[in-house]
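Everything on this sheet refers to the single structure shown next.
The values are calculated or read from the model by the stated rules, or taken from the named source; none is laboratory data. Quick caveat, the model's predicted, so the values are computed rather than measured. So basically every Cβ, Gly included, is an ideal-geometry build from the backbone, and we count neighbours across all protein chains shown. The protein model used for the area step is the full one, side chains on, heavy atoms only, and it has no ligands, DNA or RNA in it. Shrake-Rupley method; radii C 1.70, N 1.55, O 1.52, S 1.80 Å.
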Amino acid sequence: MSAVGLPLAVGRARLPAAVRRFLEQECFVVLVLASTLAFVAYAVPTLLVQDTWLALVDGRFVAEHGIPRIDDLTVMAHGARWVDQQWLAHLTLYELTRVGGLRLTLASGLGFTFLALVLGAGFARRAGASARSVALVALLPLCVTPWLLQLRTQTLALPLFVAVYGLLAADSRRPSLRVWLVLPLLMLWANLHGSVLLGALLVSCHGLFVARRNTLRGLLLAAAAPATLVASPYGFALVGYYRWMLIGSPLRKYVTEWQPATLGVGTALFFLTALAIVFALGRHGRALSIFERASLPLLLVAGLASLRNSAWLALAGAVSGPLLLDAALGHGRALPEAARVINRRLSTSVIALTVAVIAASFARPASFFESKWPVAGAQAVATAAGPHGLVLADDVHSDWLLWKEPQLAGRLGYDVRFELLTPARISTLWAFRKQGTHRGLAAPYRVLTFGSARQAAPWRHGSHVTFEDSGLIVLSR
């Protein structure tokens with residue numbers, strides 16, 4: 001029997017009634033999410049980015065030395081106070097890699113991302129949205145912010161955001177004790193990613209709404225949420241970190257994702273989504289709870305203020321959007337028996353095919369997952385630097401070099417933990433990399449790396465090219 005014939009042969013008697021109903025009713029949702037998961041799994045090496053290597057390097061440090069306090073990994077930040085708010089996410093990704101290699105880490109990253117999408121669909125369905133509308137909106141987060149697929153510490157926070165938002169929205173419709181689950185979720189989140197600030201804000205806002213009908217319950221929620229932000233080994237030392245993120249970060253001048261959203265090719269879907277949500281709220285806002293009607297504009301403002309926040313609006317839209325869509329289009333008709341049979345077989349087939357694609361993708365050799373990161377380039381850097389030479393690596397490859405060649409710790413110029421650098425140092429680095437000025441910055445370094453031939457061109461004279469490919473050029477001096 002063929003691989004396709006096998007799922008089709010799963011008869012009514014072999015499937016429990018609950019599973020049959022799920023495959024029949026959620027067919028469109030299953031098709032959308034499963035097919036997308038299969039496609040992404042096939043292209044999984046593209047999910048490795050510089051932030052992945054940062055997480056692994058920091059996670060290894062936590063595993064070997066405990067919670068970091070003072071930096072000694074780089075030259076420019078040596079001795080700086082290091083508050084690793086994301087320490088648990090770093091440690092988790094490192095331990096996954098230690099146990100199962102990048103294969104397990106990438107698989108887990110995909111799992112976290114699609115768990116967020118599945119949770120969003122589940123909350124929408126429990127709220128009464130139709131499967132048709134849920135399927136149409138399910139991929140909104142990936143369409144608006146495709147970088148959500150990248151493996152980084154934020155990946156672990158995605159399902160937490162959806163869970164918190166979904167629990168608050170459900171409690172706003174029908175109060176339940178389940179809403180108190182948001183507090184342990186926030187405490188976990190406070191050790192994974194700085195976006196917990198947004199989660200705590202949503203919980204406090206909901207608490208204030210609840211206080212109008214139940215004063216004690218609402219005020220407890222509103223007050224407890226901010227307290228969870230310091231539920232970390234760093235305690236109140238995190239206050240300065242959060243202040244840096246919200247107010248004092250100089251990265252807004254230099255890093256695109258920290259800057260306000262501006263209309264362009266890469267942000268067109270975000271602005272289109274924002275307009276659609278504003279229009280739908282104006283026409284059909286009563287289909288949502290008061291919490292959702294207040295939170296969606298709040299998340300929209302956060303996305304406009306910083307492009308990196310646009311993902312949260314899209315994730316919230318995956319929960320609330322189907323209800324607005326149903327209010328505009330109406331619910332579909334009940335499925336006839338023939339359609340239910342087709343849905344069941346189609347869902348089973350797609351799930352089986354997705355499992356096969358995922359298994360085939362992750363069965364490939366370990367080297368496949370790092371195919372876009374030249375191991376020979378890291379070895380060339382380590383060899384050219386010798387036991388004592390300093391290395392000034394570019395942003396993309398700095399933490400990757402620390403991961404592949406741990407002996408470079410303490411001799412690497414800087415990495416992408418820019419929060420450890422002074423604003424003046426960040427400004428100098430930006431001018432050095434983007435404008436070609438402040439060339440004296442490179443004077444102490446024996447090895448320089450660049451991400452393109454254009455960036456390396458001014459430095460070739462008087463240097464020896466020890467490695468070169470399309471994405472990495474290593475010069476020794």
Of the residues Leu96, Leu56, Leu31, which single one is part of a helix (DSSP H, G or I), hydrophobic (A, V, I, L, M, F, W, C) and under 30 Å from Arg344 (Cα atoms)?
-> Leu31
How many residues are open to solvent by 50 Å² or more (accessible area, probe 1.4 Å) and of a type in the set (Ser, Thr, Tyr) if we restrict to segment 27-72?
-> 3
The condition of being within 30 Å of Leu119 (Cβ to Cβ), of a type in the set (A, V, I, L, M, F, W, C), open to solvent by 60 Å² or more (accessible area, probe 1.4 Å) and touching a helix residue (DSSP H, G or I) at 6+ places or on another chain (Cβ under 7 Å) holds, among Leu353, Leu307, Leu313, Leu323, only for Leu353
Exactly one of Arg308, Arg333 is outside any helix (DSSP H, G or I) and either more than 23 Å from Leu33 (Cβ to Cβ) or under 17 Å from the mean Cα position of the chain (by Cα) (or both), and that residue is Arg333
Any chance Leu88 is at pLDDT 95 or above and either under 30 Å from Gln25 (Cβ atoms) or out of contact with any Phe, Trp or Tyr (no Cβ under 7 Å at 6 or more places or on another chain) (or both) = yes
When segment 464-477 is checked residue by residue, the ones that are at pLDDT below 95 and either β-branched (Val, Ile, Thr) or open to solvent by less than 70 Å² (accessible area, probe 1.4 Å) (or both) are Asp469, Gly471
Checking Ala380 against (1) free of Cβ contacts under 8 Å to residues at least 60 places away in the same chain; (2) open to solvent by less than 60 Å² (accessible area, probe 1.4 Å), the condition it does not meet = (1)
What residue, among those in segment 1-36 that are at pLDDT below 50 and β-branched (Val, Ile, Thr), is nearest to Thr354 (Cα to Cα)?
-> Val4
Assuming Ser249 fulfils every condition listed in (1) closer than 30 Å to Leu421 by Cα; (2) modelled with pLDDT of 95 or more apart from one, which condition is it?
-> (2)
Filter pass, Leu186 being at pLDDT 95 or above and more than 24 Å from Val57 (Cβ to Cβ) | yes
Matching residues, segment 198-218, being more than 29 Å from the chain's Cα centre (by Cα), open to solvent by 70 Å² or more (accessible area, probe 1.4 Å) and over 15 Å from Ile290 (Cβ atoms) | Thr215, Leu216
Single unsatisfied condition, Pro444 versus (1) free of Cβ contacts under 8 Å to residues at least 12 places away in the same chain; (2) over 14 Å from Asp395 (Cα atoms); (3) out of contact with any strand residue (DSSP E or B) (no Cβ under 8 Å at 6 or more places or on another chain) | (1)
When residues of segment 258-291 are filtered for being touching a residue at least 60 places away in the same chain (Cβ under 8 Å) and surrounded by fewer than 19 Cβ atoms within 10 Å (Cβ to Cβ), how many remain?
-> 2
Quick check: is even one residue across segment 86-94 in contact (Cβ under 8 Å) with a residue 24 or more places away in the chain, open to solvent by less than 10 Å² (accessible area, probe 1.4 Å) and of a type in the set (S, T, N, Q)?
-> no
